[in-house]
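Shown next, in structure tokens, is the structure this report addresses.
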Amino acid sequence: MNWRHWNNALHRDIGFLCIGLTLVYVISGVAVNHINQWNPSYSVERVETNIGPVSGNPMDTATIRMILVRLNETGELESSYRPDPHSLQLFVGGRSILVNLGSGHVVHDRAIPRPVLREMNFLHLNHPKQSWTWVADVYAVALGFLAVSGMLMIRRKIMCRGVVLTSIGFVIPLLFLALYL
């Protein structure tokens with residue numbers, strides 16, 4: 001067997017192994033690239049209500065308990081703070097509750113994980129660390145192998161076009177670096 005046969009066989013087999021990871025990185029990569037327009041891992045459910053004006057010291061336990069009773073809130077208070085003199089921010093059961101003390105206007109925000117996409121982003125952004133770092137490194141090396149072995153599969157007739165397209169692939173990120181740095 002010659003080297004071209006081994007190159008083609010390894011390229012094919014490693015390529016099949018990389019398909020799943022590539023799709024995870026493609027989907028989550030596009031989602032994460034648009035993080036300024038939306039949260040790719042969570043959707044936010046917002047509900048607005050009014051409980052009437054709140055009197056008393058907003059940081060007092062009894063006042064906070066009274067607010068939670070008015071809201072029919074049964075979850076446990078995790079924390080609270082005053083973002084400004086007119087508001088009280090409560091965190092209850094994984095939700096954020098913002099209360100305007102003067103008007104009683106309340107905004108409940110709850111983050112709901114996006115199924116599948118949240119998990120893909122978790123892996124793509126390497127939140128698990130530890131062994132996933134090694135999986136991601138092996139995947140990166142495999143992609144490097146696929147790039148080089150793919151170039152070696154090209155016959156001489158179309159090698160010139162391959163070199164031009166590969167050069168463009170190197171120039172594009174360099175142009176963006178020159179533009180943004």
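Based solely on its DSSP helices, what 222 nm [θ] is calculated for the chain when runs of n ≥ 4 H residues each add -39,500 (n - 2.57) and the sum is averaged over all residues, nearest 500 deg cm²/dmol?
Rounded to the nearest 500, the figure is -17500 deg cm²/dmol.
Over region 57-181, calculate the relative contact order: mean separation of alpha carbon pairs under 8 Å at least 6 apart, over the residue count, as a percent.
Worked out over region 57-181, it gives 9 percent.
Express the carbon and sulfur contribution to the solvent-accessible surface of the chain as a percent, rounded to the nearest whole number, probe 1.4 angstrom.
The C+S portion of the solvent-accessible surface of the chain is 65 percent.
For region 51-100, rounded, prolate or oblate, judged on the Cα gyration tensor with a ≥ b ≥ c (square roots of eigenvalues), a/c < 1.5 rounded, else prolate if a/b > b/c?
Since a/c reaches 1.5 but b/c is at least a/b, the shape of region 51-100 is classed as oblate.
Cα convex hull of region 110-150: how many Å³ per residue?
Looking at region 110-150, the number lands at 74 Å³ per residue.
Averaged per residue, what accessible surface does region 83-181 expose to a 1.4 Å probe, in Å²?
Per residue, region 83-181 has an accessible area of 68 Å².
When the scattering of region 28-181 is computed by the Debye formula from its Cα atoms alone, each counted once and equally, what is log10 I(q)/I(0) at q = 0.09, 0.16 Å⁻¹?
The computed values of log10 I(q)/I(0) come out as -0.57, -1.00.
Between the alpha-carbon centers of region 35-89 and region 112-177, tell me the distance in whole angstrom.
44 Å
I'd like to know which of G29, P85, L179 lies farthest towards the positive end of the charge dipole of the chain, counting +1 on Cβ of Lys and Arg and -1 on Cβ of Asp and Glu.
Projecting each Cα onto the dipole axis, the largest value belongs to L179.
Dipole magnitude of the chain about its Cα centre, charges +1 at Lys/Arg Cβ and -1 at Asp/Glu Cβ only, in debye to the nearest 20?
Dipole size: approximately 1120 debye.
Which of the listed residues, F16, L125, M66, is farthest toward the dipole's positive end in region 1-153, when Lys, Arg count +1 and Asp, Glu count -1 at the beta-carbon?
Highest projection toward the positive end goes to F16.
The values are calculated or read from the model by the stated rules, or taken from the named source; none is laboratory data. Please read these numbers as outputs of a predicted model, since none were measured by experiment. Using ideal geometry, Cβ is built from the backbone for each residue, glycine included, and neighbour counts are taken over all protein chains shown. The area values use the complete protein model at the heavy-atom level, side chains included, leaving out ligands, DNA and RNA. Shrake-Rupley method; radii C 1.70, N 1.55, O 1.52, S 1.80 Å.
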